[in-house]
Every structure is written in C-alpha cells, then in structure tokens.
Amino acid sequence: NAIGTSTASAPSGSVTPDPDAEPTSQVSNGSGGTYTFLSHNLGVDTSLYPHTPVKDLQGDYYQWGKNAADADVDALIGGSWGDQGGSTANGNWTPGAKGPQDPCPAGFRVPSQAEWAAVNSNNTASRTGTFISGTTEYGSALHYGPDESTKSLTLPAAGFRLYTGGALNNRGSSGYYWSSTENGSNAYSIYFNISVVNPANSTNRSFGFSVRCIAE
C-alpha cells in the first residue's frame, strides 16, 4: 500500500499432503474411462489411510440385499445373526442402479458383477501381506492399479461371516465383496485369495461379505 512494502514474514512450516484424505479411488473401466469407488469398506473410519491394511479397515459384514450390517469387525450386531437390515429379497440391490435396500451413501451404490469383472480385467492386481487365516490377521489385501507398484483401489482380506450363524471365517486369507447381481437364489461377489481372483463367485445370499461402493 502507500506505506510501502513490509519486511518478509517468517517462512511457514512445511506442509505434506495428508495421505488419509482419499475419500474415493479411481480405476480403469476398460472403455477409456474410470470407475470411482469409495476408498473404504462400509463400516470403516474413513479418515484412515486406505492402502495399508489394519484392523480398522476391515469394516462391516452384510448379507446380500440388506441396508444394514449384521456384524462388524469384532462381533455380531444385535446379538444374533441375520436380524439387521430387512431381507435378502430379489431386487433389493439392482445391477447398475441404486436398489431400494442399497446400503451405500448418497451418490454411491453396490457394484454389479459386470463392474467387478471389468475392474479385474482392466487393472493390474497386486497383493500385500501373508494371506494367512486367523481372527487377528489384518495385514493382507488385494490392490488394483495401472501397474503392480500403484495402489489405486485396495480391498482388505476381511474374510466372511458364515450364513448359518455368522461365525467369522478366513480373515486374512481371503476377501469377499458383494455385487448387486443376483444369480437365481444366490448372488455374485468378487472373491480373492493369495493366488486367485474370481469376480463371478456365486454364493448363498445369507453369507456376510464386505461391501465397497461405486459411484452412481
């Protein structure tokens, strides 16, 4: 101003971008564009860095077609298996659209089986961890990205809850993520372990699997 230029202020401290600030993740859709996913499973503290698997990235377990989880990372919700979130009826989750019982937040939905298949076909898969099964094995995950060194979308190997009573199985050794696509009385999910990825895994809808949401 008219008084003149002041002396310089002291430099501010250096600032490093916060790696936790990754609410969404993008991967190729194979058609020249990208899919946008939430960076975290449903039921996770979204302030956590999503690409280094730890207990608090495991998330909740959903029966297919329900809008609420039946178990969290530690225990059943509500005390008994299958008493949350309505039913597993046909049409509750809808491929390519947001079904009436979709549990994802506004602007997101459960991916279809075709979308999971496209993620697997058009991105490079890599893995972190030992893929050993155990109730406290939290360090394994499947990653997708443009190459093996880039972690664009990370899926923790959270195992599953058994359909007959909700018992925890295969934590640390495998991951199961629902799709919105029905298969008769069953439904499809993407399944992976240390050596296999199957984006067309068909199972009873009453299993408790992880949910990762895709943008509408």
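The values are calculated or read from the model by the stated rules, or taken from the named source; none is laboratory data. Here the structure is a predicted model, which means the values were calculated and not measured. Cβ: placed from backbone, ideal geometry, glycine included. Neighbour counts: every protein chain shown. These area figures cover heavy atoms from the full protein model, side chains too; ligands, DNA and RNA do not enter into them. Shrake-Rupley method; radii C 1.70, N 1.55, O 1.52, S 1.80 Å.
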Whether the chain is rounded, prolate or oblate, judged on the alpha carbon gyration tensor where a/c under 1.5 counts as rounded: prolate
Whichever lysines have a C-alpha closer than 20 Å to that of residue 66, once near sequence neighbours (fewer than 8 apart) are set aside: 98
Helix-only mean residue ellipticity at 222 nm for the chain, each DSSP H run of n ≥ 4 adding -39500 (n - 2.57), per residue, nearest 500: -1500 deg cm²/dmol
Mean Cα-pair separation over length for region 48-137, i.e. relative contact order, pairs under 8 Å, 6 or more apart, %: 18
Contact order normalised by residue count of the chain, Cα under 8 Å, 6+ apart, percent: 22
For region 19-80 and region 152-216, distance of Cα centres in Å: 12
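Taking a ≥ b ≥ c as the square roots of the Cα gyration tensor eigenvalues, with a/c under 1.5 meaning rounded and otherwise prolate when a/b beats b/c, else oblate, which class fits region 71-135?
Values: a/c = 2.57, a/b = 1.08, b/c = 2.37.
Taking the square roots of the gyration eigenvalues as a ≥ b ≥ c, region 71-135 is oblate.
Taking K and R as +1 and D and E as -1, what net charge do the other residues with C-beta under 15 Å from the C-beta of residue 91 add up to?
Details: positive: 66, 98, 109, 205; negative: 102, 182.
Summing Lys and Arg as +1 and Asp and Glu as -1 gives +2.
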Added length on full extension, which subtracts the Cα-Cα distance from 0.36 nm per residue, residue 164 to residue 194: 8.2 nm
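Which length gain, in nm to one decimal place, applies between residue 147 and residue 68 when the Cα-Cα distance is subtracted from 0.36 nm times their residue separation? Display every interim value, and only then the final one.
Numbers: separation 79, 0.36 × 79 = 28.44 nm, distance 3.47 nm.
Difference between extended and current length: 25.0 nm.
May I ask you to give the percent of accessible area on the chain that is carbon plus sulfur, with a probe radius of 1.4 Å?
Values: 4750 of 9580 Å².
Of all accessible area on the chain, carbon and sulfur atoms account for 50 percent.
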5 angstrom amide H check on residue 183, placed H, neighbours 5+ away: 188
Using θ = phi - 60° and Karplus 6.51 cos²θ - 1.76 cosθ + 1.60, couplings along region 137-146 (whole Hz; Gly, Pro as x): 8, 10, x, 10, 7, 9, 10, 10, x, x
Per residue accessible area of the chain, 1.4 Å probe, in Å²: 44
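What is the gain in length, in nm to one decimal, between residue 29 and residue 87 on full extension, counting 0.36 nm per residue of separation less the C-alpha to C-alpha distance?
On the way: separation 58, 0.36 × 58 = 20.88 nm, distance 3.11 nm.
Working it through step by step, the gained length comes to 17.8 nm.
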With all protein chains modelled, accessible area of residue 148 [1.4 Å, Å²]: 140
Label point distance in nm, residue 215-residue 106, each placed 7 Å from Cα along Cα→Cβ: 1.7
Residues of type aspartates and glutamates that residue 151 reaches as a straight line, Cα spacing below 18 Å, ignoring anything fewer than 8 places off in the same chain: 18, 20, 22
